[in-house]
Structure formats: C-alpha cells, structure tokens
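Following: one structure in structure tokens, then a few remarks.
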Amino acid sequence: MKLIVAEDVNVYYGDNHVLRDISLSISEHTVTALIGPSGCGKTTFLRTLNRMNDYIDSFRVEGKIKIDGKDIYGNKVKVEELRQKVGMVFQKPNPFPKSIFDNVAYGLKIQGTKDKKSIGERVEKSLKQAALWNEVKDILHKPALSLSGGQQQRLCIARTLAVKPSIVLMDEPASALDPISTAKIEELILELKENYTIVIVTHNMQQAARVSDRTAFFYMGELVEYSKTSDMFTNPKNKATENYITGRFG
Amino acid sequence: MSRLRTNRIIDSGFRYLGIAATFFGLVILALFILNILQQGLGRIDGAFLTSLPSRRASRAGILTAWTGTAWILFLTALIAIPLGVAAGIYLEEYGKKNRLARIVEINIANLAGVPSILYGLLGLEVFVRAMRMGSSLLAGACTLSLLILPVIIVATREAIRAVPNTLREASYGMGATRWQTIWYQVLPAASGGILTGVILALSRAIGETAPLIVIGALAYVPFVARSPMDEFTVLPMQIFNWISRPQQAFLVNGAAAIIILLAITFCMNGIAVYLRNRWQKKINW
C-alpha cells in the first residue's frame, strides 16, 4: 500500500499556475527526492503535503492528495493533526529562541502533555534519533541558538521526530551547511528511513543519488520523470531530465 | 575668492548651522528644566506629596493629583493594552492583506494624528453622557485609551512584523495552532517592541490635559479617589490650576508639581529605552 498518493494535483498562486497535473505515489519507509531547477514547483509540492501553503492568501489547490488513504484537503481534516503526522524540516535551521530542551519539548507542550518524566524521555529519545544526544546531553538548558548550524539542523530534526510523525518532509535540509554537517544529515536520513517515510527536496544531485530510493524530476510545474533513483541517474528516459542531472542546465 | 575657498566656507557654515539646530532644542529644554528646578525643588517634601489641595499655598499638596494620575495610568493601561495588542495581533497575524486591510492601516495611522481635544469631545459624548459614566476616572481612562490605542496598535504590528516567518513556520510545522504559535513564539519574540510602544503611549497619556478638561475633570478635588467612578484630577490639571493663579507661592507649587510630572515621564521613557536596547541585543536571528 502506498502511504502518499497524489492524483492530478494542480496548484495556483492567484493566476500563476505553479503545479500541473501532478500524480505520484510514495511507499512507506522510503526516501523520495524531489529535484529540478529553481521555480519548478518541487518545494510547493512538498509544502502541499502538510498544507504549509494554507496561510498564503492566493493559494489554491485542485486534485487529491491522500495520506494513509485519507484526502488531506478534505473537509473533516484537522490541519494540526495532519502536521503532527507529516513533520517538516526547513532549509535554514530555525530553532526557537529557547533552550535545547524546550525546542524538542515544544511539540509535546502544544499537545498538552504535562508529565515531566515522559517529556524528558521523549526529548532524550528524539535527540538520540537525530544523533545529537552525545553532543548536547550536558547543555540541554543552553540556548539552542548557541549551537552550530549543523547541530541546529539536527535539533530541528529531533524536534520534528518528538511529535512522532510517520512522514518527514525536508526542504533542502543541508543547503545551508558545510560538507561535514551535510554528511551527518545524509547519514541520519538513511537511518531514519527504517522508521519514517522521507520526502526531500534537494538541489544537490549527488545527495539525491546518495540518499533516495526514488527521484521525481520537476520542470516548469510538471512532473517530468519519476522512477527509481538508480534508474534515473544511469538511464534517464527524458532528455530534459538527462540535461538537468548531468548539469547542462539548472 | 577662489571657488575652493567658497566651497569650504559653505561646508563649515553648514556644519555650524547643524550644530546650532541640534543645540537649539536642547538648550531651551535645559534652561526650562533648570528654571523649574530652581523654583520648585525646594518646595518638594513629604508633606507636599501627601497633602490635599488647599487655598493656602504653603499647605497645599498634590496627593489628589498624583493619585489621580496613578489611577488614570492604571485604568488606561488596563483598557488600552489588551485592546491595542489584540487589534495589532489580529491585523498582522489573522487579517488578510487586501485593500480593506490597507484602508484600515492608513486610518489607524491617521487616528494617531487626530488632535487630542477631539478625543475629549468624543469621550464627553460617548462615555460621560451616552454611557452615563459622568466625569469619572473611568470616563477619563476610556477617553485616553482611545487616544493612545492607535499608537499601541502600530507599535504592536511593527514588533510582530519583525518576528521572522521561519519561526512561525517551525511552529505550524509541528502541529501548533495559530493561537499557540502566537502565544508561545510570536508574542515572546515581539514583547520587547510591544512593551516599548506601550510605555511610550502611556507616558503620553499621563501628560494629556485637553481631553480631560473637556470631559470635566476637576481642578479642585478635596478627596482621594477610591473607585473608578469617582471624580478626579490629574497632575497636569493641578499644574494648570496653580500656574494660572496670581500668587507667587502657587507658582512655586506649580513648578514643584511639574518636577514630579517630568520625573514620572522621564522614568517611563527611560524604561522604554532600556527595554528596547535589551530586546535588540537578545534578537540575533
């Protein structure tokens, strides 16, 4: 069974038609990379999966996106519940200007969890999952903004995991980081795949090749090609895909 | 005279003009304050602060005036802060950015420039007469709240707008509602800016006299207000009353009361500046 299914998705910002007839499905416990040149709609598509575009006044979506068989743009959907299930990590590390502990505990706090012991356990577990625990276990009450950029991004991942999502969306999570921090994030993505379904937008072809099982190539708002990553990078079917992944444009 | 020489003379001429312009205001203010201090400082003692008004200048005090000012400050804050901050939050976080929003925005900015006596007339009609509050502290506080609401709304909006959007997205992305995002993330990050605006607005409110005269605040109140429905006076009214009398001794009283009013205003502005500096240091996204 496919966890995420998009059927004929069209997205508009006012008169601007940014996604055209996107249909694709994503299996559980896989990493899917969304690639394509800037402005191709890949980030818009990613943000459509947890309805992060809702607050843009001119945003409009047509077609169906089902997660776990349920239409996420349906009437009965509570968007807060959806986002607990479909977490998100952003391009620039954006920890809250609070302590490391409070950053990870925030998701539990807004769900109304009061039990200090279970919050503490979840914080520790999430930080371990994000491979950050050893670096921060003695400074949990220091401000999150005092961490390095790479640590901050792993903190953001830990914060997202603490809410127990089944899907994690990542919007160019390593683009603001140095190569060592990037390698740590990629390693982490491969580990998280065991328990989570990951959709990642990236501008880095090698990164897409290294971490993803399937790759979707977006161009001018259309889904040009979607196949197994190994197939796409060795034997692209479409000329535009080939040109993009070999660096001839984009 | 060579061209170069002329240019240099114009250059230094403008420099001195600038210095003169800068010091003009400062010197006048300093002279005023020195004059007031010289006249009134000797008059300030414990009895001056704790005595009721009197026909004899030497026995008159500002107890009713400063307690009235304190009451007005307290009630105005109670009314204006929640209303102004809530309106600012709504306009910035919930309101759509369409033409109506722009019209509202321009009008709020215009309201901040309406002469205060017009607010007094509005207060007289609405609060004193239509809502039957009489010339009470509550009517005064409501009127002054209207007067400073635009300032608080604008300050709140600016402070909220300065909060980076990435912070909101992080919160929404974890399943927080709008209100949770505002309460846990946006307001704490914007609180310094909001507080600064609120304090400056309140320090303006305590110096206002015109609207309170219009709604019927009394210059002579022989008792300390005990409830928001009591009649009242405030420091600027008391000062005005004393200064307009012919006897020299009352002028001294007036000077002393001015020192107290200035001290309160400077203190509030000082706190506002301190908070602004601290807030700027704390925020480094």
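Could you count how many residues in the stretch A:90-99 are at the interface with chain B (Cβ under 8 Å from one of its Cβ atoms) and more than 23 Å from A:K116 (Cα to Cα)? Count: 3.
For every residue, the table says whether it meets (1) at pLDDT 95 or above; (2) open to solvent by less than 40 Å² (accessible area, probe 1.4 Å); (3) more than 14 Å from every other protein chain (Cβ to nearest Cβ).
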| residue | (1), (2), (3) |
| --- | --- |
| A:F101 | yes, no, yes |
| A:V104 | yes, yes, no |
| A:K109 | no, no, no |
| A:G112 | no, no, no |
| A:S126 | yes, yes, no |
| A:R159 | yes, yes, no |
| A:K164 | no, no, no |
| A:V168 | yes, yes, no |
| A:A183 | no, no, yes |
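Residues that are away from every other protein chain (no Cβ under 11 Å), more than 16 Å from A:N10 (Cα to Cα) and part of a loop (DSSP other than H, G, I, E, B) within the stretch A:49-73 comprise A:D68, A:G69, listed in sequence order. Could you list, in sequence order, the residues of the stretch A:74-89 that are within 14 Å of chain B (Cβ to nearest Cβ) and open to solvent by 20 Å² or more (accessible area, probe 1.4 Å)? The answer is A:V77, A:K78, A:V79, A:E80, A:E81, A:Q84, A:K85. Applying the criterion of being assigned to a loop (DSSP other than H, G, I, E, B) and in contact with a Ser or Thr (Cβ under 9 Å, 6 or more places away or on another chain) to the residues of the stretch A:133-144, the residue that is most open to solvent (accessible area, probe 1.4 Å) is A:H141. Checking the stated criteria, B:A162 turns out not to satisfy the condition of being free of Cβ contacts under 8 Å to residues at least 24 places away in the same chain, aliphatic (A, V, I, L, M) and within 14 Å of chain A (Cβ to nearest Cβ).
Examine the stretch A:58-66 for a residue that is open to solvent by less than 20 Å² (accessible area, probe 1.4 Å) and either out of contact with any Asp or Glu (no Cβ under 8 Å at 6 or more places or on another chain) or of a type outside the set (V, I, T) (or both), and state whether such a residue exists. No: zero hits. All conditions but one from (1) at pLDDT 95 or above; (2) crowded, with 17+ Cβ neighbours inside 10 Å apply to A:N10; the one that does not is (2). The set of residues from the stretch A:74-115 being among the β-branched types (V, I, T) and in a helix (DSSP H, G or I) comprises A:V79, A:I100, A:V104, A:I110. The sole residue among B:L41, B:L83, B:L73, B:L100 that is within 30 Å of B:T181 (Cβ to Cβ) and surrounded by 11 or more Cβ atoms within 10 Å (Cβ to Cβ) is B:L83.
When B:V151 is tested against the conditions (1) surrounded by fewer than 21 Cβ atoms within 10 Å (Cβ to Cβ); (2) under 30 Å from B:Y94 (Cα atoms), the lone failure is (1).
Taking the criterion of being out of contact with any strand residue (DSSP E or B) (no Cβ under 9 Å at 6 or more places or on another chain), modelled with pLDDT of 90 or more and open to solvent by 30 Å² or more (accessible area, probe 1.4 Å), the only residue of the stretch B:214-239 that qualifies is B:V214. The helices (runs of 4 or more DSSP H) found entirely in the stretch B:111-206 that carry 2 or more residues being closer than 29 Å to B:T67 by Cα are B:116-123, B:137-161. The requirement of being modelled with pLDDT under 90 and either among the hydrophobic types (A, V, I, L, M, F, W, C) or out of contact with any Ser or Thr (no Cβ under 8 Å at 6 or more places or on another chain) (or both) is satisfied by B:N277.
What about B:T196, is it open to solvent by less than 40 Å² (accessible area, probe 1.4 Å), farther than 26 Å from B:G120 by Cβ and polar (S, T, N, Q)?
yes
For B:A219, the criteria (1) away from every other protein chain (no Cβ under 14 Å); (2) farther than 19 Å from B:I79 by Cβ; (3) touching a residue at least 40 places away in the same chain (Cβ under 8 Å) hold in every case but one, which is (3). Every listed requirement among (1) in contact (Cβ under 8 Å) with a residue 40 or more places away in the chain; (2) small (G, A, S); (3) within 14 Å of another protein chain (Cβ to nearest Cβ) is met by B:A80 save one, (3). Looking across the stretch B:55-70, the residues that are open to solvent by 30 Å² or more (accessible area, probe 1.4 Å) and of a type outside the set (D, E, K, R) come down to B:S58, B:L63, B:W66, B:A70. Candidates are the residues of the stretch A:13-57 that are modelled with pLDDT under 95 and of a type in the set (F, W, Y); the one that is surrounded by the most Cβ atoms within 10 Å (Cβ to Cβ) is A:Y13. In the set (1) farther than 18 Å from B:T76 by Cα; (2) surrounded by 15 or more Cβ atoms within 10 Å (Cβ to Cβ); (3) free of Cβ contacts under 8 Å to residues at least 40 places away in the same chain; (4) not basic (K, R), the condition left unmet by B:I106 is number (2).
Would the stretch A:145-155 turn up any residue that is crowded, with 20+ Cβ neighbours inside 10 Å and basic (K, R)? Yes, the stretch A:145-155 contains at least one residue that is crowded, with 20+ Cβ neighbours inside 10 Å and basic (K, R). Would you check if A:T160 is outside any helix (DSSP H, G or I) and among the hydroxyl-bearing types (S, T, Y)? Spelling it out, it is not the case that A:T160 is outside any helix (DSSP H, G or I) and among the hydroxyl-bearing types (S, T, Y).
The values are calculated or read from the model by the stated rules, or taken from the named source; none is laboratory data. Please read all numbers here as calculations on a predicted model, not as lab measurements. Methodologically, a virtual Cβ is constructed for each residue, glycine included, from the backbone with ideal geometry; neighbour enumeration extends over all protein chains shown. The accessibility values were calculated without ligands, DNA or RNA, using every heavy atom of the protein model including side chains. Shrake-Rupley method; radii C 1.70, N 1.55, O 1.52, S 1.80 Å.
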